[in-house]
1. How many Å² of accessible area per residue for segment 1-149, probe 1.4 Å?
2. Which of rounded, prolate or oblate describes segment 1-108 when judged by the alpha-carbon gyration tensor and an a/c cut-off of 1.5?
3. What is the local net charge at THR254, summed over the other residues whose Cβ is closer than 12 Å to its Cβ (Lys, Arg +1; Asp, Glu -1)?
4. If you take the charge dipole of the chain about its Cα centre, with +1 on Lys and Arg Cβ and -1 on Asp and Glu Cβ, which of ILE164, MET61, THR233 is farthest toward its positive end?
5. Please report the net charge: other residues with Cβ closer than 12 Å to the Cβ of SER119, K and R +1, D and E -1.
6. Which of the lysines could a cross-linker bridge to LYS181, judged by Cα under 20 Å and excluding same-chain residues fewer than eight apart?
7. Please build a GNM for the chain, connecting alpha carbons under 10 Å apart, and tell me which residue among THR240, THR47, THR180 fluctuates the most.
8. How many nm is it between the label spots at ARG226 and GLU204, if each spot is 7 Å from the Cα in line with the beta carbon?
Amino acid sequence: MSGLARENVASAKRVVVKVGSSSISGDNSDQITLLVDALAESYGRGTEVVLISSGAVATGMPFLNLEERPSDVATQQAAAAVGQNVLIFRYQESLDRYGIAAGTVLLTEGDALKEPHRSNTRRALERLLDLRILPVVNENDTVAVYGLRFGSNDRLAALVATLIHADLLIMLSDVDALYTKPPHLPGAEKLDFIAADDPLDGFEFSSSGATGVGTGGASTKVVAARLATKAGTAVLVTSTELAAAALRGEHVGTWFEPTASEERRALL
């Protein structure tokens, strides 16, 4: 049996949602409410939801009187330590409106890739979901070692989705979909559906976001999507403001068709 189809999104059992820094920090911090509304609606249908949230460094910057993302590792770590605390508080404050409890899970690359850490991470996430807790996952930027990092939370999201055998991974940013080239350039066309065997030749995907507070771009989302779809998880890329529509199964964003069967995914 093939993986989740686009028209069946609303009935997905387990969904991982990833949101970028620029969508929930700075002037867009009020979008946390919008995102939580969407997650709570899906949660209310019985869906198991995991949130991968960037934004610790960006959220912590104002508290350190920083106007730009710091370039040195020590200051990034300090900003992450402060920002992660504030970020989780904001999520929980919003989730309280629905009586949903969040659980913080901070990971390094080894926690997702190396045994016995990998199995321990899966067990922790599975138990949180069994208890109807909404896990909020981020890279542990305060202690992650340079050279042994996920690179971006797009990759982290794909690895977590694979680890817990999610039916769907939704990656949210400031852009409503992927385009054949950066959407501000003339001739850019929206990509609606990407087949499992589509090599995506001739397309120009940016390597970074436009705001400067995050570390991902369209290219990291494509790489992450390929990683997830090869494990049988469908992927949808869209904007944060369309999160509710995406989780309802409305025809938004760019859909990546999963490649693996349920039988193959069960072995991963």
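The values are calculated or read from the model by the stated rules, or taken from the named source; none is laboratory data. Keep in mind it's a predicted model, so treat the numbers as computed, not measured. So basically every Cβ, Gly included, is an ideal-geometry build from the backbone, and we count neighbours across all protein chains shown. We work out accessible area using only protein heavy atoms, side chains counted, and drop any ligands, DNA or RNA first. Shrake-Rupley method; radii C 1.70, N 1.55, O 1.52, S 1.80 Å.
1. Working: 7110 Å² over 149 residues.
Accessible surface, normalised per residue, equals 48 Å².
2. Numbers: a/c = 2.46, a/b = 1.91, b/c = 1.29.
In terms of gyration-tensor shape, prolate.
3. Numbers: positive: ARG6, LYS190, LYS221; negative: ASP176, GLU189, ASP192, ASP198, GLU257.
Here the charged neighbours net out to -2.
4. Positive-end residue among those listed: ILE164.
5. Here the count lands on +1.
6. The qualifying lysines are LYS190, LYS221.
7. In the Gaussian network model the winner is THR180.
8. 2.0 nm
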